[in-house]
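Right, one structure below, let's go through it.
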Amino acid sequence: MARDRLVGLVFDDRYLTHNTGLDLIEDRSPYPFAEPIAHPSSPALVGRAKHLMDLFGIAERMRRVDPVLASDEQLTVYHTPEQLARVTQIAQSDGGDTGAGAPIGRGGDRVARLAAGGTIAAVDAVMTGSVDAAYALVRPPGHHAMADEGMGFCVFNNTVVAARQAQLVHGAKRVLILDWDVHHGNGTQAAFWADPSVLFISLHQDDLYPPGWGAADQVGIRDGEGFTVNVPLPAGTGNRGYAEAFAGIVTPIALQFDPDLVIVSAGQDASVMDPLARMSLTLAGYRMMTEAMMAVAAECCAGRLVLTQEGGYAPQYAPYCSAMIAQTLVGLLPDGEWIADPYGERAVTQPASVELGRDAASAIERVVSIKQRYWAI
Ligand code: ZN
C-alpha cells in the first residue's frame, strides 16, 4: 500500500545569521538622509515564513530535511575556484560584497554554503524517495549568482548546483527549472545556456533586474537553443495573466520536455505588496503556480518537485506567500481552509486578479510566437 505523500522542509536557524548589513549611504553620494536603511534582504523574511508555517500547523506536517554545507566539489560544478576563495576571504574579514551587490558578513561563507547545501539536501531527499517533494526555505538566495561573482543578493547559485547534483549523483537526465522570482534568473540561464538537459523557464517583470537579461528572444545557443524560455511580463500582470502564461506556455512546454525532476526557483517578490517590483500576485496566484508545477511533476516524474527560496521583500506579505506554497504542497489543513489572504477582499477583486491586461496578453502572444519554433504550443 502506498504511504502518505511526504513533503520535506529544509530550514535552519543559521540562515537567519546571513547578514547583509545596512544599505551603505556612503556608496550613494547624493543621498539626502543621515540614517542608514536596512538592506532589503532581511533575515526577517525567511524567519517569518517559517514562523507562519509553524503557527498554521503546516511545518508539523512536513518532514524535516537537514541542510549540509555544500562542498567545494559541489559548488565548482558551476562556480570558479577563484570565486570560492574570494567568498571565503571576505567572510574572514568584517564582510563585504562577493561580487555585484551580494554582501555577506563575517562567517557568511558558511551560511551561503548552507543555502546551496540545503537545496542540494532537498534534491537528495526527493531523488532518493525519502520525501516526495520538498521546500528549501534557505537564505541567501541564488538565482542571480554567476560562475565567477555573487550578484543581486545571491552568493552561490543554489538552484544550479542542486540541478547538477540531481544529474551527476542521482542520474537525472532532464531537469526542469521554473523560476518565478520577479527578477530574471540570469545566473541560472548562463549556467545552462548551451545545455539541452536542463530546461530553464523564467517568468519575470520585463527588463527589471538585471538590465538586459531575460528578453523573450534569449533562447539558448547550440544544442541548448530552445531550452531557455523567457517569459517577460509587463508590470501589473497579476494572477490572471500568470495563469494565462502557465496554461499557454509553461505547462505545455514542461510536459513536452518530460523532466525527471522539477526545481522551482521560488521568489515571492512578484507579490502585490513587494517594494522591489511591480507585479500584483496574491496568495491565490502562488497557489496556482505551485499546483501547476505539482501537476507537471506528477505527470512526468512521480511528483518529484523541489522548491528553493529566492527573493520576496514585503515583510508583511511575502512570508504568507511562502506559507501558501507550503500549504499547497501538504494539502488543506484539517479545518479545510486555505490561509486567508492578508491583502483582504481586494486580493480577489483587484483588476489584475480577474482581467488579462492587454499588455500582458500581447507579451504572452510574443513569447508563444517565438517558442513555436521549438515547442508545440
Ligand atoms: Zn527577485
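Tabulated data
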read-out	value
Positive-pole candidate from 121, 95, 145, dipole of the stretch 88-223, charges at beta carbon	121
Efficiency of FRET between residue 54 and residue 335 - r from beta-carbon atoms, R0 22 angstrom, step 0.05	0.85
Principal axes of the stretch 262-315: Cα extent on each, largest first, Å	37, 18, 14
For the chain, with +1 on Lys and Arg beta carbons and -1 on Asp and Glu, the positive-most of 254, 342, 369 along the dipole	254
The chain, accessible surface, carbon-and-sulfur percent (1.4 angstrom probe)	52
Gain in span if fully extended, residue 349 to residue 128, counting 0.36 nm per residue against the direct Cα distance	75.3 nm
Axial C-alpha extent at least 30 Å, average Kyte-Doolittle at least 1.6 - helices from the chain (DSSP)	none
Taking all pairs of distinct alpha-carbon atoms in the stretch 62-162, Kirkwood radius in angstrom	13.3
Debye equation applied to the C-alpha atoms of the stretch 274-350, log10 I(q)/I(0) at 0.21, 0.23 Å⁻¹	-1.03, -1.17
For the stretch 160-317: accessible area per residue (Å², 1.4 Å)	28
For the chain, size of Cβ-based charge dipole, Lys and Arg +1, Asp and Glu -1, in debye	560
Using a Förster distance of 56 Å, the FRET efficiency for residue 19-residue 298 (Cβ separation, nearest 0.05)	0.90
The stretch 192-281 - Debye-derived log10 I(q)/I(0), Cα point model, q = 0.15, 0.20 Å⁻¹	-0.60, -1.03
Gyration tensor over alpha-carbon atoms, the chain, equivalent ellipsoid semi-axes in Å	27, 24, 23
Dipole magnitude (debye, nearest 20) for the stretch 96-211, charges at Cβ of Lys, Arg, Asp, Glu	400
Residues listed by number, the stretch 111-135, amide nitrogen under 15 Å from residue 63 label point at 7 Å toward C-beta	121-135
Pairwise centroid distance, computed over Cα atoms, of the stretch 236-276 with the stretch 34-108, Å	24
Relative compactness, the stretch 207-357, computed as alpha-carbon Rg over 2.2 N^0.38 Å	1.06
Around residue 370: net Lys/Arg minus Asp/Glu count, Cβ-Cβ under 13 Å	0
Long-range amide H partners of residue 233 with built H, under 5 Å	204, 205, 206
Charged-residue dipole, Cβ positions (Lys, Arg, Asp, Glu), the stretch 171-269 about Cα centre, Debye nearest 20	160
Hydrodynamic radius of the stretch 126-270 per Kirkwood, over alpha carbon pairs, in Å	15.3
HN-Hα J in Hz across the stretch 192-207 - Karplus 6.51, -1.76, 1.60, θ = phi - 60°, x for Gly and Pro	10, 4, 10, 10, x, 7, 10, 8, 10, 10, 10, 9, 7, 6, 4, 6
Beta bridges by DSSP in the chain, antiparallel share as percent, to the nearest 5	10
Neighbour net charge for residue 18 - beta-carbon separation under 10 angstrom, K R +1, D E -1	+3
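The values are calculated or read from the model by the stated rules, or taken from the named source; none is laboratory data. Bear in mind that the values here come from a model prediction, so they are computed numbers and not experimental data. Here Cβ is always computed from backbone atoms with ideal geometry, including for glycine, and neighbour counts include all displayed protein chains. Keep in mind that these areas ignore ligands, DNA and RNA; they rest on the heavy atoms of the full protein, side chains included. Shrake-Rupley method; radii C 1.70, N 1.55, O 1.52, S 1.80 Å.
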